[in-house]
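Student: My questions all concern the structure below.
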Amino acid sequence: QKEVEQNSGPLSVPEGAIASLNCTYSDRGSQSFFWYRQYSGKSPELIMSIYSNGDKEDGRFTAQLNKASQYVSLLIRDSQPSDSATYLCAVNQGGGADGLTFGKGTHLIIQP
Amino acid sequence: GAVVSQHPSWVICKSGTSVKIECRSLDFQATTMFWYRQFPKQSLMLMATSNEGSKATYEQGVEKDKFLINHASLTLSTLTVTSAHPEDSSFYICSARQRGNTIYFGEGSWLTVV
């Protein structure tokens, strides 16, 4: 059974600091990895996608993937109070019609 | 990014009635759409995978006769909750797969069964 694990938090980070969110997955065949941000009562919003080992940067966000260790992380630089949300890690095998397997999410709180 | 529209955003229905939720991909064709359910403070749980022109594939534990899914075109999938009960009250979210494997979510629909 495919599993995606995240620390539920809450993770509290001071404003302006770097927030580091981690995720591990069980299916070695996974090919596509996503980070979604979800505000309370709202639908998930895609933040980053990553498909190959290494780092991928987009603005203040950096996704890191290590397939050998089966983990993917998200770094948020210069954290802002508006970054406070639940961050969902999602994985799928790719190439087919599989839906995403989500972690339970990490609740991030940016303290002003 | 791609846009996926969901309607209605909020719906209240009486116990025993049926309610339909629509999911549309506005600027791309989606051969595959997905329906999720999320209870408060829980993660998203995949209910079913909807393929255009064919029957939906349901996840284990999801009643196909209760949650009817129709994917009549490349841009529209519908979820009908039949004979709704209060325990069906939840946040229902659809998503659509765009070419290149990225999946985008609709805005979600809050269902309250009274």
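Student: What number of residues in segment B:84-104 are crowded, with 20+ Cβ neighbours inside 10 Å and aromatic (Phe, Trp, Tyr)?
Tutor: 2
Student: Here's something else I'd like to know. Which condition from (1) modelled with pLDDT of 90 or more; (2) surrounded by fewer than 20 Cβ atoms within 10 Å (Cβ to Cβ); (3) within 11 Å of chain A (Cβ to nearest Cβ) is the one that residue B:36 breaks?
Tutor: (2)
The rows are residues; the columns are (1) over 26 Å from residue A:5 (Cα atoms); (2) of a type in the set (D, E, K, R); (3) within 13 Å of chain A (Cβ to nearest Cβ).
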position	(1), (2), (3)
B:40	no, no, yes
B:67	yes, no, no
B:71	yes, no, yes
B:76	yes, no, no
B:85	yes, no, no
B:88	yes, yes, no
B:92	no, no, yes
B:95	no, no, yes
B:107	no, yes, yes
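Student: Just to be sure, is residue A:73 surrounded by 15 or more Cβ atoms within 10 Å (Cβ to Cβ), touching a Cys at 6+ places or on another chain (Cβ under 8 Å), more than 27 Å from residue B:32 (Cβ to Cβ) and at pLDDT 95 or above?
Tutor: Yes, satisfied.
Student: Could you look through segment A:5-64, keep only residues that are among the basic types (Lys, Arg) and touching a residue at least 40 places away in the same chain (Cβ under 8 Å), and pick out the one that is farthest from the other protein chains (Cβ to nearest Cβ)?
Tutor: A:28
Student: Report whether or not residue B:104 is over 11 Å from the mean Cα position of the chain (by Cα) and among the aromatic types (Phe, Trp, Tyr).
Tutor: Yes, satisfied.
Student: On to the next question. Condition first: loosely packed, with under 15 Cβ neighbours inside 10 Å and free of Cβ contacts under 8 Å to residues at least 12 places away in the same chain. Can you find one or more residues in segment B:41-48 that meet it?
Tutor: yes
Student: Could you check, for segment B:47-63, whether at least one of its residues is more than 14 Å from every other protein chain (Cβ to nearest Cβ), at pLDDT 90 or above and assigned to a loop (DSSP other than H, G, I, E, B)?
Tutor: Yes: segment B:47-63 contains one or more residues that are more than 14 Å from every other protein chain (Cβ to nearest Cβ), at pLDDT 90 or above and assigned to a loop (DSSP other than H, G, I, E, B).
The values are calculated or read from the model by the stated rules, or taken from the named source; none is laboratory data. Keep in mind it's a predicted model, so treat the numbers as computed, not measured. Cβ: placed from backbone, ideal geometry, glycine included. Neighbour counts: every protein chain shown.
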